Amino acid sequence: MSEFHHVSVLLEECIQGLNIRPDGIYVDGTLGGAGHSSRIAAELTTGRLIGIDRDPVALKAAGERLAPYGDRVTLVHSNFCEIAKVLDDLGIEAVDGILLDLGVSSPQLDDGSRGFSYMTDARLDMRMDSGDALTAETIVNTWSYEELRRILFDYGEERYAPQIAASICRRREQQPIQTTLELVDVIRSAMPAQALREKQHPAKRSFQAIRIAVNDELGAVRKVMDAAIPRLKQGGRLAIITFHSLEDRIVKNGMAEAAKGCTCPPSFPVCVCGKKPQVKLVTRKPVVSGDEELEFNPRARSAKLRICEKM
């Protein structure tokens, strides 16, 4: 099997939350190492699993792991936000459940050659799909100071975003910033001494921000919130795991909006908008990892699972 092993977060909670029917059709829109998918496929008899991933390396490894389930499984190279097109291409109108794990797979982070890691020297890449045009190197060397400052602050919640963006612009005027460790050096040079003594690696927030921008991760979440719910059957469930406050806010607000129904002002005596709730919230508060999971998988600490059900 390909070297793509990823520890699935909130695995049991996801399987229970999806309320899997053996004859149902399910979509894992972020296939990764197929940890969640292999459990879903194992629950099916006459049902079907559609696995989607934008990373060809993950897709190949998942195919090997899911091989025992034969034609119960269909794998598709695509972005999860294109779920409507994927289902249209497969001739599937509606499904019984959709799962999205929005975390970056551990093998992507740990494979130094992919350019995600601030611990290993490599070309500045950070693409989940190597076929995409935009790379981290392009962002770092061509985006304006204001664009860099914005993504570092908004996506990375980096309090030294102005200083780091300015440092990047100064360095690239001398020569292009081409590798991960070159960028780490630029980031370090922009931060005060007390920040460099913090437990967290000084480049962690900046690398996260650039990765989100390279892969348009927030844009994909917004798109899928509009696309996924209409493709659920009645009683079908949408389960989404987030790892970042901005992603979680999009998911939380998207599910709440779909569950709300009438949008008329409170002063209206009767409803004139005619809007009905599309879903009910299965989880009013997000499900988080317990102590046992956190002990063997510390990366699960920021994971939040939200579930809604189509009405």
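The values are calculated or read from the model by the stated rules, or taken from the named source; none is laboratory data. Values in this document were obtained by computation on a predicted structure and should not be read as measured data. Every residue, glycine among them, receives a Cβ derived from its backbone with ideal geometry; neighbour counts consider all protein chains shown. What goes into the accessible areas is simple: the full protein's heavy atoms, side chains included, and nothing from ligands, DNA or RNA. Shrake-Rupley method; radii C 1.70, N 1.55, O 1.52, S 1.80 Å.
Considering every alpha-carbon pair of the range 83-137, the percent of pairs per 10 Å bin, from zero through the bin containing the longest distance, is 20, 34, 24, 18, 3.
Hey, got the dipole for the chain? About the Cα centre, +1 on K and R Cβ, -1 on D and E Cβ, debye to the nearest 20? The calculated dipole for the chain is roughly 1020 debye. A probe of 1.4 angstrom, applied to the heavy atoms of all protein chains, finds MET311 with accessible area near 110 square angstrom.
Summarising the label geometry, the points placed 7 Å from Cα in the beta-carbon direction at ASP121 and ALA133 lie 3.2 nm from one another.
Using a/c under 1.5 as the rounded threshold, could you call the range 49-94 rounded, prolate or oblate? The axes a ≥ b ≥ c are square roots of the C-alpha gyration tensor eigenvalues, and prolate needs a/b larger than b/c, oblate otherwise. Verdict is oblate for the range 49-94. At q = 0.12, 0.14, 0.15 Å⁻¹, what log₁₀ I(q)/I(0) does the chain have when each alpha carbon counts as one equal point scatterer in the Debye sum? Those come out to -0.84, -1.08, -1.19, one per q. Quick check on my link table: of LYS60/LYS280; LYS252/LYS275; LYS223/LYS304; LYS85/LYS285; LYS199/LYS285; LYS285/LYS310, which ones sit more than 27 Å apart, alpha carbon to alpha carbon? From the list (LYS60/LYS280; LYS252/LYS275; LYS223/LYS304; LYS85/LYS285; LYS199/LYS285; LYS285/LYS310), the Cα-Cα distance tops 27 Å for LYS60/LYS280; LYS85/LYS285; LYS199/LYS285. Take the Cα radius of gyration of the range 1-125 and divide it by 2.2 N^0.38 Å, N being the number of residues; the result is 1.07.
Sparse packing (at most 13 other Cβ atoms within 10 Å of the Cβ) combined with a DSSP loop state is found for the following GluC sites (Glu not before Pro) in the range 198-255: GLU198. In plain terms, if you count all Cα to Cα distances in the range 177-311 and split them into 10 Å steps from zero, the share in each step is 10, 27, 28, 19, 11, 5, 0 percent. For GLU147, the accessible surface of its heavy atoms amounts to roughly 80 Å² (probe 1.4 Å, protein chains only, rounded to the nearest 10). Taking the protein heavy atoms of the chain in the context of the full set of protein chains, the accessible area attributed to carbon and sulfur is 50 percent at 1.4 Å.
Summarising the amide proton neighbourhood of GLY235: residues at separation of 5 or more, or on other chains, whose placed amide H is nearer than 5 Å comprise LYS310, MET311.
Using the Cβ-Cβ distance between THR283 and GLU147 with R0 set to 35 Å, the FRET efficiency from 1/(1 + (r/R0)^6) comes to roughly 0.50.
Solvent-accessible surface of the range 1-134, taken per residue with a 1.4 Å probe and all protein chains present: 42 Å². Database remark: amide H of VAL282 closer than 5 angstrom to the amide H of ILE307, CYS308, GLU309 (H placed geometrically; neighbours at sequence offset of 5 or more, or on other chains; Pro and chain starts carry no H).
Surface analysis of the range 216-263 yields an accessible area of 40 Å² per residue, using protein heavy atoms and a 1.4 Å probe.
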